[in-house]
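Data block below; observations after.
The values are calculated or read from the model by the stated rules, or taken from the named source; none is laboratory data. As the structure is a prediction and not an experimental result, all values here were calculated from the model. So basically every Cβ, Gly included, is an ideal-geometry build from the backbone, and we count neighbours across all protein chains shown.
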Amino acid sequence: MKLEQLEECLTLDTRLLVPEGDEILLAAVVLLFRCNDEKRLELLMIHRSEHPGDPWSGHMAFPGGRIDPEDDSTLAGAMRELKEELGIEIQESCLVGELEPMRVPAQVLKTEMWVRAFVFYTDDVLKPSPNAEVQGVYWFDFERFVSRENRGEFRYHSHGYDLMLPEQKLDGCHIWGMSLRLIDDLVERITCPWRDTGN
């Protein structure tokens, strides 16, 4: 996948507006791309450390987290989290666009939480320096997601029920949940040129 395809399928606006209110939690993540030696796009993902009580403990994820009151904006909060978790400081000028916000499922978190996802691209040579919240850093050729390499389903037990959920296994990493939903959103935009992204 090329940078031009990424730029063509994204916009800085979203159709869905995140609800506001003191009882609503807001988080943001960064989908960071770079080009490899073959000029193909690679996507950065992290393997979160194990923390009791954290619903995303040990998951494959994107850098990000809760927005703090001190953050100037949701975007600024996402960029702050990227720097805190991986030591990567990126400029707002590297922003390509935003995916549609997603609500965290109620069975995962009782308090209403919404996640905004910002897509960045950089030509800089990055050397991530993960903090204690991160146990692994990975770059995946995005074409592997487009081609649905090792895509399948797995059984997930939640609140007394067994659910079959989509998954993707790459290089020993188990990718599922909201991270995979965000990837699928992006894949659909790229592979369905008829889809209206608001551009």
Does region 144-175 hold any residues that are closer than 17 Å to Glu188 by Cα and polar (S, T, N, Q), and which are they?
Ser147, Gln168
Give the number of residues within region 130-151 that are under 16 Å from the mean Cα position of the chain (by Cα) and part of a strand (DSSP E or B).
7
Would you mention how many residues in region 84-121 are within 17 Å of Leu3 (Cβ to Cβ), surrounded by 22 or more Cβ atoms within 10 Å (Cβ to Cβ) and of a type in the set (Gly, Ala, Ser)?
1
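Having 1 or more residues that are touching a residue at least 24 places away in the same chain (Cβ under 8 Å) and more than 28 Å from Tyr156 (Cβ to Cβ) is the bar; report the strands (runs of 3 or more DSSP E) wholly within region 20-67 that clear it. Outline the logic, then answer.
Numbers: elements: 25-35, 41-48, 64-66.
Once the strands (runs of 3 or more DSSP E) in region 20-67 are filtered for at least 1 residues that are touching a residue at least 24 places away in the same chain (Cβ under 8 Å) and more than 28 Å from Tyr156 (Cβ to Cβ), what remains is 25-35, 41-48.
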Against the definition (surrounded by 12 or more Cβ atoms within 10 Å (Cβ to Cβ), assigned to a strand (DSSP E or B) and in contact (Cβ under 8 Å) with a residue 60 or more places away in the chain), how does Phe154 come out, yes or no?
no
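Just the residues that are in a loop (DSSP other than H, G, I, E, B) and in contact (Cβ under 8 Å) with a residue 40 or more places away in the chain, please, taken from region 68-88. Please lay out each step first, then the result.
Keep residues of region 68-88 that are in a loop (DSSP other than H, G, I, E, B), which gives 68-73, 87-88.
Gly87, Ile88, listed by residue number.
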Quick check on Leu41: is it at pLDDT below 90, surrounded by 14 or more Cβ atoms within 10 Å (Cβ to Cβ) and more than 16 Å from Ala132 (Cβ to Cβ)?
no
So is Glu81 modelled with pLDDT of 90 or more, under 21 Å from Val18 (Cα atoms) and surrounded by fewer than 13 Cβ atoms within 10 Å (Cβ to Cβ) or not?
no
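Could you say which residue among Lys127, Lys110 is over 24 Å from Leu41 (Cα atoms) and part of a loop (DSSP other than H, G, I, E, B)?
Details: Lys127 fails: over 24 Å from Leu41 (Cα atoms).
Checking each option against the conditions leaves just Lys110.
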Subset of region 123-146 (residues that are surrounded by 11 or more Cβ atoms within 10 Å (Cβ to Cβ) and β-branched (Val, Ile, Thr)):
Val134, Val137, Val146
Determine, yes or no, whether Glu149 is without any contact (Cβ under 8 Å) to a residue 24 or more places away in the chain, surrounded by 11 or more Cβ atoms within 10 Å (Cβ to Cβ), touching a Gly at 6+ places or on another chain (Cβ under 7 Å) and not basic (Lys, Arg).
no
